[in-house]
1. Counting only residues that are farther than 24 Å from A:I388 by Cα and of a type in the set (S, T, N, Q), which one in the range B:89-123 is modelled with the lowest pLDDT?
2. Would you check which residues across the range A:374-394 are more than 7 Å from chain B (Cβ to nearest Cβ) and within 20 Å of B:A270 (Cα to Cα) and list them?
3. Six or more apart or on different chains, Cβ under 7 Å: which pairs go from a residue in the range A:238-258 that's more than 9 Å from chain B (Cβ to nearest Cβ) to one that's among the aromatic types (F, W, Y)? Could you list them?
4. Can you name the residue in the range A:204-229 that is under 24 Å from the mean Cα position of the chain (by Cα) and not in a helix (DSSP H, G or I) and is also farthest from A:C245 (Cα to Cα) among such residues?
5. From the list A:V262, A:V289, which residue is touching a strand residue (DSSP E or B) at 6+ places or on another chain (Cβ under 9 Å), within 14 Å of chain B (Cβ to nearest Cβ) and part of a strand (DSSP E or B)?
6. Quick one: would you say B:L217 is outside any loop (DSSP other than H, G, I, E, B), outside the structural domain of B:L96 (by TED's automatic domain parsing), under 23 Å from the mean Cα position of the chain (by Cα) and of a type in the set (A, V, I, L, M)?
7. Looking for something closer than 17 Å to A:L425 by Cβ, outside any helix (DSSP H, G or I) and facing chain B (nearest Cβ under 7 Å) - is there at least one such residue anywhere in the range A:310-332?
Amino acid sequence: MGLATFKGGVHPPDKKELSKQSPITPAEAPKRVCIPLSQHIGAPCKAAVAIGQDVKKGEVIGTPEGFVSAPVHASVAGKVAGIVECPSATGRMVQCVVIENNGTEEWTPLKDNPDYLSLSPEDLRAKVKDAGIVGMGGAAFPTHVKLSPPKEKPIDVVILNGAECEPYLTADYRLMIERPDDVVAGLKVLMRILGVTKGYIGIEENKMDAVEIMTKAVAGEGTIQVVTCKVMYPQGAEKMLIKACVDREVPARGLPMDCGVVCQNIGTAVAIYEAARFGKPLIERVVTVTGAGIREPKNLMVKVGTMVSEIVAQCGGLKEDTAKVISGGPMMGFALYTLETPVTKGTSGILALPESEVKHADKFGPCIRCGRCIEVCPMGLMPSMLSITAEKGFWEDAKAYNLFDCFECGTCTYVCPSKRPIVQLVRLAKSQTKP
Amino acid sequence: METVRTPKEQQLIISASPHIRSEETTSRIMWSVSAALLPATIMAAYFFGPKAIFLIALTIVSAVAAEYAYQRAMNKEVTVCDGSAFLTGLLLGLNLPPTVPFYIPIVGSVVAIVLTKQLFGGLGFNVFNPALIGRAFLLISFPKLMTIWAEPTAQFVAMDAKTTATPLGIMKTEGLAKLMEVFGDKVSLYKSLAVGNVAGSLGETSAIAVLVGGIFLLIRGYISWHIPVSFLGSAAVLAWIFGGKGALFTGDPIMHLLSGGLMLGAFFMATDYVTSPSVKKGQLLFGVGCGFLTMLIRLKGGYPEGVMFAILIMNCFTPLIDRSFKSEVFGAVKVKKEAAK
């Protein structure tokens, strides 16, 4: 039997060797942090602090507005220096709370729960919500929302995404290697919240050491199984991972819960464990700082709100020929126009590419209808037609080619021999029409 | 808020994701397909002499020149380096009889490049295979010149070869018995057809040489098996059923597969990305259509060979096939099932 996988996909050079040997080390504490009040999909938070106010580490500084939202906490102890607009990784300006670090690292009182697994699912869910946990794979969807499926959508499986299918990134890999028990503990909390007895951890075959360690960690847990997946981007996309691990197909335009599954990222699972066990809010995360443009690639534990420029500096800085800096992975990450943007809960990596590795997107050819994109599209779409219709401004035609089923993984654009900016055209079409 | 600047303030490049791309490019594909035609080109030179090289080179040069001239004249970006005009020229050259005068390649190339490709919008927008339209135009405009076949005896020597008929031509006019008379027995007929030691268009006579190139394309993933297999398979089945004299199921599929332009057409012409369907299921239908039309023309039509018209007719259906055979959206089946409940 072949390894678990889905239909389509590509295998770009994974380049994980740059940072995979580097253990997670805490980044230097920043002198000040700039914490965005909107780090998640959903309503931005309202500032809960005033300028000049003293805050402790872990204190709530932004309260959520609405259900699909997550609170934001101070990642350092210090004085609120300002509430300003700052560029986010996507280039939009977002409201941020700036805190001058007083260096004391003094925590706000946290509630320790040695017996956390005996808490009720509701209590655990509340802890996840209060800790401001969001999906840490990049999308940053508030986790408690995923953990509150409507009654008519029974969940029977939780899958942890250890695929880390984006090239370069090693943050989840390091967590699995260094803190396998915390990962498993997080998964167990998830299973308890959802009342589920089946848990899976999907890991790509290029991380066999992680597979071994995780398999050891779940030994004796009859309810949890490690699934070795084929190295194939985008294996870590929810729908693909579900297909690979439990062979279920999420209905088109549907959510994982429509087939009884909840997916969570490895980093998120660790954050969930910490929230349940120690009451610790999500104020720091592992960031892989890597790429041929970084002098010393590392996996750093970074406080949310730390400027990208600072953590880049802690990795030896950028090489002279660096031309592009990406927040996230090379397939779905965002190109930064400035390094003066804060690390958020969803920042999985900072990737610096030298001029020689940057593919200039301005020059592209016509679609030669080779069909490569159709072959690799994990969603079974026809990206060629999406790009052709969008290029001409035929938005309705693009919709007829299932425009809104595209989740912009970039696989089509990666393989296109004419170097067409398919994802960009898809985004353009999506912005010009409604589902 | 004052900002902390990086030591090396610089302009960073911004673009939409993904930020990495595969090494594959359109021009690499075009040059690879051209390279895959090298064995067939060498066999053409071997059997038909220096004139073959001259004709093929002239076709390529005129195709590239036509593209360059058109793009310059219309103030378009000149894209002759992408190799697609070179490939069209090479394919057209390999589809010419070895006896044609020098102006035939030039006319054919201009028709292929300007009329068939550029007037429809250039690479990616043409409805028909340019090389085949070029050849069809020549066949209709110069029916005499385009059907004078030479014996494959030149073998690097410049000499005027005797004219003769192609195996399929003999089949059409005088029947299988005559063909056997010419080649002796079945085995030597197959051998000649496989090696290419027969009359025919420059690059089509050696089935083995074409097959080697085709397999190279399959292995490198430049083409998929769907069109060649369905094309050759359906042609073979139809040849077996209807190719015999009188009784059904007495035809000779091997002879049909090895002769004429079937191999060249199935691996190099019908698989043209632009003019064939993009979805695999559609490609199967397209291939079967090509096989059916080829055998219809060969067995019942006025021409001895039908590959060219078969592919061109199927080219017409490509947009319709593409529209009817869309790829299957992930999760769509489940949605349909639920709707049916």
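The values are calculated or read from the model by the stated rules, or taken from the named source; none is laboratory data. Owing to the predicted nature of the structure, the values given are computational and were not obtained by experimental measurement. For neighbour counting, all protein chains shown are included, and Cβ atoms are generated from backbone atoms with ideal geometry for every residue, glycine included.
1. B:T99
2. A:E375, the sole residue that qualifies.
3. As it stands, the answer is A:A244/A:F6; A:C245/A:Y200; A:V246/A:Y200, since those pairs meet every condition given.
4. Filtering first and then ranking leaves A:V218.
5. Exactly one residue qualifies, and that residue is A:V289.
6. yes
7. yes
Per-residue answers, yes or no, for (1) assigned to a strand (DSSP E or B); (2) of a type in the set (G, A, S); (3) touching a helix residue (DSSP H, G or I) at 6+ places or on another chain (Cβ under 9 Å):
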site	(1), (2), (3)
A:V80	yes, no, no
A:C96	yes, no, no
A:E100	yes, no, no
A:E105	no, no, no
A:K111	no, no, yes
A:K129	no, no, yes
A:M136	no, no, yes
A:P150	no, no, yes
A:N161	yes, no, yes
